[in-house]
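Working notes, beginning with the structure itself.
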Amino acid sequence: MSMPSRLGGSEPAPASPPVGAHPLLVEFVNVFSLPGQPFSGNPLAVVTNAAGLGVETMQALARQFNLSETTFVTDIDGAQAAVRIFTPTVELPFAGHPTLGTAAVLGEDAGRDQSGASDHLVLRLPAGDIPVTRDHKGYWRLVAVPGPVVVHEAGREDLARMLQLPQDAIVGGWRVAAGVEQVLVQVTSPAAVRQAGAAVEDLVRWGRCPSGESLVYVWTFDDGVVDHAGMGLSDVREVTARLFFTQDTVVAEDPATGSAAANLGTLLAERGSSGRLEIRQGDQVARPSLLRVDYAPGTVGVAGLVHRVGHAVVTVPRD
């Protein structure tokens, strides 16, 4: 039996999955969205039943979806879940928006199972166990794994060349690894963040990280004060940021980077500072995003809104 076509003809009924195929359940969400704007933030695909999938298949699916990241839930045990994170080209030990987006899907699906939505989960990632909670306003929040902070080996002149900015726009650079290492470059103003650019050769030279990608986060305090001193937990410092990364032979830009927000909080906390940040990112790629960070010596939390936008079933041969 054929199904009516929108064009007035007919089209064949959907074929049954091939024998031996593995039907994968995929949820699509946007993370670090702005309130009331479900198509803002950073898109993510979450494969919720990935047990038994091999690494090559996970990587192939991440390249097929071609989003910033795709996560694969390989095991669920109560409020704990084993998760792996892939970009289209590499696996990451940790990333912020995939962690929050995956927790949101699993937490809400717990409610669909009539066991009550879970607001407290632990995602077991290669970088370590990451606690994730949801607050009464619907924001999902992760607690990052502490990591080292070192001053970047490049001078201001080289960092300026990498970001195609004048040298006097550069405050300093660091390598920070709260879960995954990235290069953080502080500049003097939001205008400098917006003016920044990058070429593959310069990112590879000065931004290469152990993940195999080149990851450079350019940021500034919107108030124009470059001091890292905190303002107290009752005050919020606003930040404008962008993240450039290499993907194959091109430079791409991430709309929202939770791991970089965790690294920024780690950098500030390492200086003995405590405070709160609201980070605006993604405007230059038409995906405005908002990330919230609480930081103090020894602890960094990153929070944001998650919107579910769709789901699909994908069939692949069993590994």
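The values are calculated or read from the model by the stated rules, or taken from the named source; none is laboratory data. Bear in mind that the values here come from a model prediction, so they are computed numbers and not experimental data. Neighbour counts run over all protein chains shown; Cβ positions are idealised from the backbone, glycine included. SASA here: full protein model, heavy atoms, side chains in, ligands and nucleic acids out. Shrake-Rupley method; radii C 1.70, N 1.55, O 1.52, S 1.80 Å.
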Elements of type strands (runs of 3 or more DSSP E) contained in the stretch 170-244, each with 3 or more residues being under 18 Å from PRO255 (Cα atoms) and open to solvent by 20 Å² or more (accessible area, probe 1.4 Å): none
Answer residue from the stretch 119-161, given it is open to solvent by less than 10 Å² (accessible area, probe 1.4 Å) and touching a residue at least 60 places away in the same chain (Cβ under 8 Å) and is farthest from LEU215 (Cα to Cα) among those: TRP140
Of all residues making up the stretch 32-55, the number that are out of contact with any strand residue (DSSP E or B) (no Cβ under 8 Å at 6 or more places or on another chain), among the small types (Gly, Ala, Ser) and open to solvent by 50 Å² or more (accessible area, probe 1.4 Å): 1
Every residue from the stretch 92-108 that is modelled with pLDDT of 95 or more and either of a type in the set (A, V, I, L, M) or open to solvent by 10 Å² or more (accessible area, probe 1.4 Å) (or both): LEU100, ALA103, ALA104, VAL105, LEU106
Criterion violated by LEU277 - all others in (1) in a strand (DSSP E or B); (2) closer than 18 Å to GLY173 by Cβ satisfied: (2)
Search result, residues across the stretch 56-71 that are buried (at least 21 other Cβ atoms within 10 Å of the Cβ), under 16 Å from the mean Cα position of the chain (by Cα) and assigned to a helix (DSSP H, G or I): ALA62
